[in-house]
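Peer 1: Pasting a structure below so you can have a look.
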Amino acid sequence: MQDDKAGGVPIRTVKSFLSKIPSVITGADIVQWLMKNLIIEDQAIYLCKRTMQNKARLELADYEAENLARLQRAFARKWEFIFMQAEAQVKLDRKKDKTERKILDSQERAFWDVHRPVPGCVNTTEMDIRKCRRMKNPNKIKKSVYGVSEDSPTASPVHTPVQPARKPGKEDLLKKIIFLNAQLDRHCLKMSKVAESLISYAEQYLEYDPLLTPTEPSNPWISDDSTFWDLEASKEPGQQRVKRWGFSFDEMLKDPVGRDQFLKFLESEFSSENLRFWLAVEDVKKRPLQEVADRVQETWNEFLAPGAPSAINLDSHSYEKTSQNVKDPGRYTFEDAQEHIYKLMKSDSYTRFLRSSVYQELLQAKKKGKSLTGKRLTGLMQSS
């Protein structure tokens, strides 16, 4: 958008009363650029095709017919061109055999069902389906984490009978404004703080970016030498990998060797069930759908059922929620319990692991030991 030579948005100097504002772009220019480059009339072409394939728009649902009418108004000036594109696509489709036409039609419908779902359905491209699963009504915020309720900032805990629907009044609008202002205030960040955070992150990961820092022995992304990847996959981690475990809990969990070392540390503290539970839940999420129910029951029996051999410590809220979810098992049945255990390990066990002699000795050994890496490197190069 910033490249004028490649058809970007034009940047001008705007003259105002007794002043000039340099480097200004207008909203109209941005909209024109988006319409030109992002082909946002694709859904209009798709719905036009549907009307041509099914006379009298019998196949269009009500909300699709409304979308078509809205798009026709929005693209009034170029509607003839859109209609011609739809006709051309329909003619091409008719030349294909019946089976291929059915496959393409089902793929196209599936795409728009996901990206333009039926009104009232969750848009999975914009919302986290795992959070929606845990919420009875994903479109309503009962309580804000900032201490302000959208429905009523001073709501009483006493349950009141359901009242018939009414139009929002002045008080309702004021409450809505208070809620939105509270949300807005909490989400504002100074640009200096954002920039400071980004600079700190970039500096921390600078030596791990092969595009900015040369890798040893060579960069596999620009050469045919895969030795670097072999070292990264090795069960004997180098200094960089061990050091990276200390950046964050997630960095350590992503590395199989880091997880193994952390598990050994937890076993020495007799608390390995926390990590084993977390790994079991990750395994449930990756299982084929037909195996999910059995794995959910096995995980429940091992870690959460009364008298479980590897019982984990959950708060009452997470336990009750998980108990209800087990009755209708799915890939995210243990989401609340996993989140609780993750926070527990991150705030307690992980910090102790970084201070432990196990990690410090491993880190120091790798610092001394670039010799170890050198030996592995020499062996790999000789074998290749």
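Peer 1: All but one of (1) over 33 Å from the mean Cα position of the chain (by Cα); (2) at pLDDT below 75; (3) within 16 Å of D105 (Cα to Cα); (4) not small (G, A, S) hold for K15; state the number of the condition that does not hold.
Peer 2: The single condition K15 does not satisfy is (3).
Peer 1: Pairs only if they're at least six apart or on different chains, beta carbon under 6 angstrom, first in the range 44-60 and over 16 Å from S106 (Cα atoms), second modelled with pLDDT of 75 or more and of a type in the set (S, T, Y); list them, first residue then second.
Peer 2: The qualifying pairs are R57/T51.
Peer 1: Sticking with this one: Tell me the residue from L314, L344 that is in contact (Cβ under 8 Å) with a residue 40 or more places away in the chain and either under 28 Å from E291 (Cα atoms) or assigned to a helix (DSSP H, G or I) (or both), please. Give the derivation first.
Peer 2: Numbers: L314 fails: in contact (Cβ under 8 Å) with a residue 40 or more places away in the chain.
Selected residue: L344, the only one of L314, L344 that is in contact (Cβ under 8 Å) with a residue 40 or more places away in the chain and either under 28 Å from E291 (Cα atoms) or assigned to a helix (DSSP H, G or I) (or both).
The values are calculated or read from the model by the stated rules, or taken from the named source; none is laboratory data. Here the structure is a predicted model, which is why all the values come from computation and not from measurement. All Cβ positions, glycine included, derive from the backbone under ideal geometry; neighbour counts span all protein chains shown.
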